[in-house]
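What follows is a short report on a single structure.
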Amino acid sequence: MTPAPIRVAITGAAGQIGYALLPRIASGQMFGPEQPVILHMIEIPNEKAMAALKGVAMELEDCAFPLLRDMVLTSDPKVGFKDVHWACLVGAKPRGPGMERNDLLKDNGAIFVGQGRAIAEHAASNVRIAVVGNPCNTNAWIAMQAAKSVPKERFTAMTRLDQNRARAQLAHKAGVPITDVSGALIWGNHSATQVPDFYNAKIRGQSAAKVIADQAWLKGDFIKTVQQRGAAIIAARGVSSAASAANALVDHVRDLHTATPAGEYRSVCVCSDGSYGVPEGLIFGYPVRSDGKGGWSIVQGLELNDFLKEKLAATIKELEGEREVVKTLLA
Ligand code: NAX
């Protein structure tokens, strides 16, 4: 029997990532080849954005995807989040020229307060949330605070693109296929303070720090390349990563929707329970396993050496600082 459709909301649906993401969801790559979907495509109430959204919907129609049961096009969050099972919060205000980071935090914070409230009021009772719009950890924290009736465990932010980047860099350096690299992990904030962990990453089952002899590369260029990859893509392409970001979101949601294979974990930003000494309540990139039934857990027992501990302290400090800046929005 065909399952009931999953309703998926995507904010910023007419943006770059939205354009690369929607066909992937509608073709079954996020929820599997048997699972019908209804796309709730949300944009800003602006003529140009809504016209672009209509164009995206026309293209989706022209793909004749068998799993795409319906599309809802709207700029009203109440309609957009109505009965949705997954809310992918991609849309955000970009940082304009000369704009201070704190202003960006506050402007986006206000958007995520509104969206958090709309999700709490209108989404399905089992809704799950994936935040991509930057600064994604703090935006997820704000939405979580604004949606008090939705359990904290339902809120996630995306570091999967960074994890995929780290995995690819390690495979390239070691000269092995990507499938030989496992356990690549990003701790902390999706920002320049993120901590790509090459100690716990494995190449053919052995720590990448042992397999790759070039320690200077691991501690220097590897970390910098992963942290700065977004900027390098903007420099090369003139616009930010879209296909790889959409791909990472497909990976992120699919891997939370299904059970994680034995012995593995994925990088997901979730609400800290204090694990690894991270203050409770921060939305923090952790190694996470999904049970495939809506639950997940933080993998315990990974070793943090002094190098990693020092880097974790810096990303924690940054997230605490961001939280201070946006706290007032929730008053
Ligand atoms: P675009 O500027 O192409 O698209 C954003 C879209 O969001 C626009 O169409 C805009 O109208 C819409 N939007 C803005 N505010 C909205 C709101 N309140 N409700 C609904 N729609 C709204 O950006 P794009 O390249 O698609 O990137 C989207 C976001 O992803 C940005 O914040 C970007 O920084 C972030 N990223 C996050 C990544 C991550 O790993 N977490 C990586 C990729 C990406 O940079």
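The values are calculated or read from the model by the stated rules, or taken from the named source; none is laboratory data. Everything quoted here is computed from the prediction, not taken from an experiment. All Cβ positions, glycine included, derive from the backbone under ideal geometry; neighbour counts span all protein chains shown. Side chains are part of the model used for accessible areas, which takes the heavy atoms of the whole protein and leaves out ligands, DNA and RNA. Shrake-Rupley method; radii C 1.70, N 1.55, O 1.52, S 1.80 Å.
For region 48-104, count all C-alpha to C-alpha pairs, find those more than 16 Å apart, and express that count as a whole percent of the total.
It works out to 62 percent of all Cα pairs.
What's the FRET efficiency of W217 with T2 using the Cβ-Cβ distance as r and R₀ = 45 Å, to the nearest 0.05?
The calculated FRET efficiency here is 0.35.
Remind me, relative contact order of the chain in percent, using alpha carbon pairs under 8 angstrom and six or more residues apart?
17 percent.
How far is helix 243-257 tilted, in degrees, relative to the longest principal axis of the Cα atoms in the chain, given as a value from 0 to 90 rounded to the nearest 10?
Between helix and principal axis, roughly 90 degrees.
Restricted to Cα positions, what overall size does region 1-151 have along the principal axes? Three whole-Å values, descending.
50, 34, 23
Return the carbon/sulfur percentage of the accessible area of the chain, one whole number, probe 1.4 Å, all protein chains in place.
53 percent
Counting only helical runs of four or more DSSP H residues, what would the 222 nm mean residue ellipticity of the chain come to if each run contributes -39,500 (n - 2.57) and the total is spread over all its residues?
Estimated from H runs of four or more residues: -13000 deg cm²/dmol.
Tell me, what is the percent relative contact order of region 182-264, built from C-alpha pairs under 8 Å that lie six or more residues apart?
20 percent
Restricted to Cα positions, what overall size does region 61-145 have along the principal axes? Three whole-Å values, descending.
45, 31, 20
Beyond 31 Å between alpha-carbons counts as too far, so tell me which of K93/K202; K48/K82; K93/K317 fall in that bin.
The pairs that break the limit, which is 31 Å between Cα atoms, are K93/K202.
How are the C-alpha pair distances of the chain spread across 10 Å bins, as whole percents from the shortest bin up?
Each 10 Å bin holds this share of Cα pairs: 6, 27, 35, 24, 8, 1.
Can you tell which of I234, I42, I119 shows the greatest fluctuation in a Gaussian network model of the chain with Cα springs below 10 Å?
In this elastic network of the chain, the residue with the biggest mean-square fluctuation among I234, I42, I119 is I234.
Rank these by accessible area, largest first, 1.4 Å probe: D107, D306.
D306, D107
What share of the DSSP beta bridges in the chain is antiparallel, in percent to the nearest 5?
Among the beta bridges of the chain, antiparallel pairing accounts for roughly 45 percent.
In whole angstrom, how far apart do the alpha carbon centroids of region 129-143 and region 230-268 sit?
Here the answer is 15 Å between Cα centres.
Rounding to the nearest 10 and keeping the result within 0 to 90°, find how far the Cα-based axis of helix 136-146 lies from the longest principal axis of the chain.
Here the helix axis deviates by roughly 50 degrees.
Using alpha-carbon positions, what is the distance between the centroids of region 270-331 and region 60-93, in Å?
Here the answer is 30 Å between Cα centres.
Top to bottom by accessible area (1.4 Å), largest first, where do W296, W141 land?
Heavy-atom accessible area, descending, gives W296, W141.
Tell me, what is the FRET efficiency for E264 and D306 to the nearest 0.05, using R0 = 30 angstrom and their Cβ-Cβ distance as r?
So the FRET efficiency works out to roughly 0.70.
Residues of region 269-331: accessible area per residue at 1.4 Å, in Å²?
48 Å²
Once you treat every alpha carbon in region 154-297 as an equal point and sum by Debye, what is log10 I(q)/I(0) at q = 0.11, 0.12 Å⁻¹?
Debye output, listed in q order: -0.40, -0.48.
Rounded, prolate or oblate: which fits region 253-331 when a ≥ b ≥ c are the square roots of the eigenvalues of the alpha-carbon gyration tensor, with rounded for a/c under 1.5 and prolate only if a/b beats b/c?
Here region 253-331 falls in the oblate category.
Below 8 Å, C-alpha to C-alpha, sequence gap of six or more: please give me the relative contact order for region 11-64 in percent. Please report the intermediate quantities before stating the final value.
Details: 39 pairs, mean separation 21.8, N = 54.
RCO, region 11-64: 40 percent.
Which value, in Å² and to the nearest 10, is the accessible area of R229 when all protein chains are kept and the probe is 1.4 Å?
90 Å²
With springs only between Cα atoms under 10 Å apart, run a GNM on the chain and tell me which of A124, A216, A313 wobbles the most.
Top of the fluctuation ranking is A216.
Subtracting the Cα-Cα distance from 0.36 nm times the residue separation, let me have the gained length for D180 to M99 in nm, one decimal.
24.9 nm
Most fluctuating residue of N164, N126, N46 in a GNM of the chain with Cα springs under 10 Å: which is it?
N46
First select every other residue whose beta carbon is under 15 angstrom from the beta carbon of A243; then total the charges, Lys and Arg +1, Asp and Glu -1. Walk me through the numbers on the way to the answer.
Details: positive: R24, R160, R165, R229, R237; negative: D251.
Its environment carries a net charge of +4.
Any chance you could look up the accessible area of M58 with a 1.4 Å probe, heavy atoms only, rounded to 10 Å²?
Approximately 110 Å² for this residue.
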